[in-house]
Amino acid sequence: MDNGPEFIAHALQEWCTGSGSGTAYIAPGSPWENPFVESFNSRLRDELLNIELFASVPEARLLAEQYRMEYNTYRPHSALQGRTPLEALRHWRAA
C-alpha cells in the first residue's frame, strides 16, 4: 500500500495485523513503485470522485459501478493498442 489515506488503508492494515500477515509499504510519494495503481487512482479521482457529489452510499456504489463498467469494458486503453478491453478480449479469442 502507499501509506496514503485513499480508500481503506487503515482498515487493510488492521486486517493484515489481525490475520497474522504483514504489510509492505512503498515510500511516500513514490508512484513509480506501483505505477498501474497510481495511474488508475489518478483517473478515478479526476473522472469520478472530483466530479460527482454523492448523496448516499447506494448512489456512490451505483456511480462507481457504472464507472467500473465503462473503464473495464468500453474505454480504449493504450496498453491494448487503443482497443477497449472488450475488443481486446474478442481479438484474443479470435487468435
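The values are calculated or read from the model by the stated rules, or taken from the named source; none is laboratory data. The structure presented is a predicted model; accordingly, all values stated were derived computationally and were not measured. Positions of Cβ are backbone-derived with ideal geometry, glycine not excepted, and every protein chain shown enters the neighbour counts.
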Residue check: is GLN66 at pLDDT 80 or above, part of a helix (DSSP H, G or I) and either outside the structural domain of ARG90 (by TED's automatic domain parsing) or within 18 Å of the chain's Cα centre (by Cα) (or both)? yes
For segment 77-86, what are the residues that are surrounded by 11 or more Cβ atoms within 10 Å (Cβ to Cβ) and over 16 Å from the mean Cα position of the chain (by Cα)? LEU80, ARG83, THR84, LEU86
Scanning segment 42-76 for residues that are among the hydroxyl-bearing types (Ser, Thr, Tyr) and surrounded by fewer than 13 Cβ atoms within 10 Å (Cβ to Cβ) gives SER42, SER56, THR73, TYR74
